Each structure stands twice: as C-alpha cells, then as structure tokens.
Amino acid sequence: MISLYDYYRSSAAYRVRIALNLKGLDYRQLHVNLREGEQLHRAYRGLNAQGLVPTLETEDGQLLRQSLAICEYLEEAYPQPALLPAESSGRARVRALAQLIACDVHPLNNLRVHQYLEAELGVSDDQQRAWYHHWVHEGFRALESMLAAGPQTGRFCLGEQPTLADLCLVPQVFNANRFGVDLGDYRNIRRINDACLEIEAFDRARPERQPDALSGASTHS
C-alpha cells in the first residue's frame, strides 16, 4: 500500500491527499506532528532530508518528496482521472497556476517561516499576520486576474474537471480563511474553491477530517 507521511494542516500534504483521493488510491497516513518538531527527528530526516512533509512511499518502496513532484508521479503512474489536460498549452497553464501558489505564495507563509520570523527576528504576531496577508493578496490578485482573463477557465481552474491547479488552490484558500484574509475581491477563486469542495475527494482531504486532527493534534498554527 502507498504510505503518506502527513500532517493535517500542511498545505503541501493537503494537495497530495486530494490527488490520492481523486485517483481512487488506497493509502495509509503516517502522521508527522510539525508543531512538536517530529519532522526534525533523525528517523524522519532519513526519509526526507529537508525535514518537510509530505513524503510518499510508493507501493514498491520508493520514497518521493515535494508535493508537486509527487502529484506528477501519481499522474504518470495512475493516469485516470487526469490531473493535467492532454494538450501542451493546457498543461503549461495548469502548471503555471499551480506554481504561482505552491512556489510563490505558500513558501512565504508556511510554519517554518513564521517560526523563524518569531524566534530569530522577534516579529510580533500582528506583524506576522500582516506579512501573511500581504503575500496572499499578492498571489491571489495575480491568480484572480489569470482566471478572469482566461477563456479556458470553467467551473474549475481549467475547464470542467479538477486539475493540479485546483489541488493547489483549495489548501491556500483554507489557510487564507483560517488567518482572516478578506477574499471578497476574488470571485473566481471563491467560486472554484466552492466547486471543488462539493467533490468527495476534496471534502475527504480537508484538514479537519484527518485522523491526527480528530485525535486532538495541536490546534495552534
């Protein structure tokens, strides 16, 4: 069976859970408590030198890291349903939307960044929240513009079926809502997020539905 090293509120792990669910794959979740620093333990560092989640162990024992690389692996190993369109221009658009979120927004706002801002630079909670809101708005303004201007945009980021871009969008919207970002100006982002969450595979991947959340894992950010 596929094994996913996971943390319920990790945006990157959230993306992979959605992909696994959409592909209809059975997998077991091995929980790595980021708040308790379990990702830094020697045993886990042996699996993932960066000390990050997710890590995915394939059915034949290969270890894969980095959420977008894992999603692309799943797309190639289990092609249906497709997370990337058939035509090259469509694939490029989906990857651009996905990377806007996963590479340009999320890394500036993840847990280890905020821990460094607080512990090493003495940044206050209010300043950290302002930092978070700034970078989400920077990314979401661009994303909303691309979605609004693109004739390929449909019920989802591209067309009428979820793609890799939607897998990245939903976790970032979850985080934005959690930290009180005003999403009123982002009509397409909100609409697509709502459409995704109507799908069982997305709904089942929600952070609050994960075993480590339900078992009383830390409720801190």
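The values are calculated or read from the model by the stated rules, or taken from the named source; none is laboratory data. What you see is a predicted model; the values in this text were computed from it and never measured. Positions of Cβ are backbone-derived with ideal geometry, glycine not excepted, and every protein chain shown enters the neighbour counts.
Write out, first by first residue and then by second, each pair whose Cβ atoms fall under 7 Å of each other, whose residues are 6+ apart or on separate chains, and whose first residue, in the stretch 93-115, is farther than 14 Å from TRP131 by Cα while the second is hydroxyl-bearing (Ser, Thr, Tyr) and in a helix (DSSP H, G or I).
Close Cβ pairs (under 7 Å, with a partner that is hydroxyl-bearing (Ser, Thr, Tyr) and in a helix (DSSP H, G or I)) amount to ALA102/SER67.
Of all the residues that make up the stretch 61-90, how many are farther than 20 Å from LEU25 by Cβ, in contact with a Leu (Cβ under 9 Å, 6 or more places away or on another chain) and surrounded by fewer than 18 Cβ atoms within 10 Å (Cβ to Cβ)?
1
If you check LEU22, LEU47, which single one turns out to be in contact (Cβ under 8 Å) with a residue 12 or more places away in the chain, surrounded by 22 or more Cβ atoms within 10 Å (Cβ to Cβ), among the aliphatic types (A, V, I, L, M) and at negative phi?
Residue meeting the stated conditions: LEU22.
I'm checking my understanding of the structure. Among residues of the stretch 22-48 that are assigned to a helix (DSSP H, G or I) and of a type outside the set (Lys, Arg), which one is farthest from the chain's Cα centre (by Cα)?
The residue in question is ALA43.
Would you mind telling me which numbered condition in (1) in a helix (DSSP H, G or I); (2) at pLDDT below 95 ALA217 fails?
(1) is the only condition that ALA217 fails.
Within the stretch 77-176, considering only helices (runs of 4 or more DSSP H) that don't extend past its boundaries, which have at least 3 residues that are modelled with pLDDT under 95 and under 19 Å from ARG15 (Cβ atoms)?
The helices (runs of 4 or more DSSP H) meeting that bar are 111-119.
When you check PRO207 against the structure, is it closer than 21 Å to LEU20 by Cα, at pLDDT 95 or above and surrounded by fewer than 21 Cβ atoms within 10 Å (Cβ to Cβ), yes or no?
Yes, satisfied.
Name every residue in the stretch 162-180 that is surrounded by 15 or more Cβ atoms within 10 Å (Cβ to Cβ) and either free of Cβ contacts under 8 Å to residues at least 12 places away in the same chain or more than 17 Å from the chain's Cα centre (by Cα) (or both), in order of residue number.
none
Against the definition (within 21 Å of LEU84 (Cα to Cα), not in a helix (DSSP H, G or I) and not polar (S, T, N, Q)), how does LEU64 come out, yes or no?
yes
Checking the structure you have, find out if any residue of the stretch 178-187 is part of a helix (DSSP H, G or I) and under 26 Å from LEU84 (Cβ atoms).
yes
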